[in-house]
Amino acid sequence: MKLLRLAAVALAALACACSPSQKDEAAKAPDGRTTIRFATDWRAQAEQGGFYQAVATGEYAKRGLDVQIVQGGPGVNVPQLLASGAVEAGMGSNSFIVMNLAKEKIPVKAVAAMMQKDPQVLIAHPDQGLEKIADLKGRPILLSDASVTAFWVWLKSKYGFTDDQVRKYTFNAAPFLADKRVVQQGYVTSEPYTIEKQAGLKPRVFLLADEGYPGYATMVLVPDSLIAKNPAAVKAFVEGSAAGWKSYLYGDAAPGDALIRKDNPEMTQDVLDQAREKLKSYGIVDSGDAQAGGIGVMTDARWAEFFNVASSQGVYPKDMDYKSAYTLQFVTPAAK
């Protein structure tokens, strides 16, 4: 699954790089289109399918953009790429990453959220009598370091989970499979399928978003400088991405899948297919406010809800200017 990581050194670098001296306009391609290099947060996969689909089907090109996807991975840090000017836009995995940038007063904003639901899940064994997420209280839960400072904050606040439940998660299912009492984190589009294939069991899956977790996912991050100097390019990227996601989910996904597998040869078609179906069946991309506002929409109310939960747990100062983390300038006005 995608790593939820934002190093302090990256924030510092980004603060320096986004100073007034930073280049603040996207370059032009030889054919006159505006070049947007977009950094993803992990290796090519269905969770990024809409962006790949938009490239493959010409949704960006017909809006005057030459979009080049820069594949993520273990050694790729999106804020550092933004800081160095290596990319014009990047993917924000979750709302904590976006809010952390605002906390450090980094001039980068979320301009769209391609996933209305964060795909984060807790996974349990199927034969333990666990019917609701509250039943996981007191059980060992495998969490990454980044998750402890992210959605774990919400779980403690809402369900009274305690830090003595936390066990180190190393992105390996073996400890989970070895102990039926253990619970582990995952993405609804990834780990449940992997566990089922590996162990032949269908795990109990709790999607945090369906339990009220208010965070967005797969956000488009853009420096304030680009928003100021070339808002038309930002708008075109948001609109092209939304069109790509609609096509990937409800049209012929083959063009996007082909580009994904070209970037990531280890990816298999069965994994892509099941992930795409999960994105649809769980309403990850187009549920909630997106029903009226369209794919990519964000609202002040949703961001306020997220900030209030996090600040009440001491993650952010209560007087922080959390609205500096995002702009609604490029999403459907009716959804504001």
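The values are calculated or read from the model by the stated rules, or taken from the named source; none is laboratory data. Quick caveat: nothing in here was measured; it's all calculated off a predicted structure. Note: ideal-geometry Cβ built from the backbone for every residue, glycine included; neighbour counts use all protein chains shown.
For segment 1-41, name all the residues that are within 30 Å of T194 (Cα to Cα) and at pLDDT below 95. Listed by number, the residues that qualify are M1, K2, L3, L4, R5, L6, A7, D41. For T218, the criteria (1) crowded, with 20+ Cβ neighbours inside 10 Å; (2) out of contact with any Lys or Arg (no Cβ under 8 Å at 6 or more places or on another chain); (3) part of a helix (DSSP H, G or I) hold in every case but one, which is (3).
Does segment 66-76 hold any residues that are surrounded by fewer than 23 Cβ atoms within 10 Å (Cβ to Cβ) and touching a residue at least 12 places away in the same chain (Cβ under 8 Å), and which are they? Result: D66, Q68, I69, V70, Q71, G73, P74, V76. The listed residues are T299, T327, and the only one of them that is touching a strand residue (DSSP E or B) at 6+ places or on another chain (Cβ under 8 Å), surrounded by 14 or more Cβ atoms within 10 Å (Cβ to Cβ) and polar (S, T, N, Q) turns out to be T327. For segment 114-143, the set of residues classified as farther than 27 Å from K280 by Cβ, touching a residue at least 40 places away in the same chain (Cβ under 8 Å) and part of a loop (DSSP other than H, G, I, E, B) consists of D127, Q128, R139, P140, listed by residue number. Among residues that are polar (S, T, N, Q), in contact (Cβ under 8 Å) with a residue 24 or more places away in the chain and in the same structural domain as E59 (by the TED database), T268 is not included. Only one entry of Q291, Q274 meets the criterion of being in a helix (DSSP H, G or I), more than 23 Å from T40 (Cα to Cα) and not β-branched (V, I, T), and that entry is Q291.
A quick yes/no check of all residues on (1) more than 26 Å from the chain's Cα centre (by Cα); (2) not in a loop (DSSP other than H, G, I, E, B):
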residue: S147; (1), (2): no, yes
residue: K156; (1), (2): no, yes
residue: T170; (1), (2): no, no
residue: R181; (1), (2): yes, no
residue: K202; (1), (2): no, no
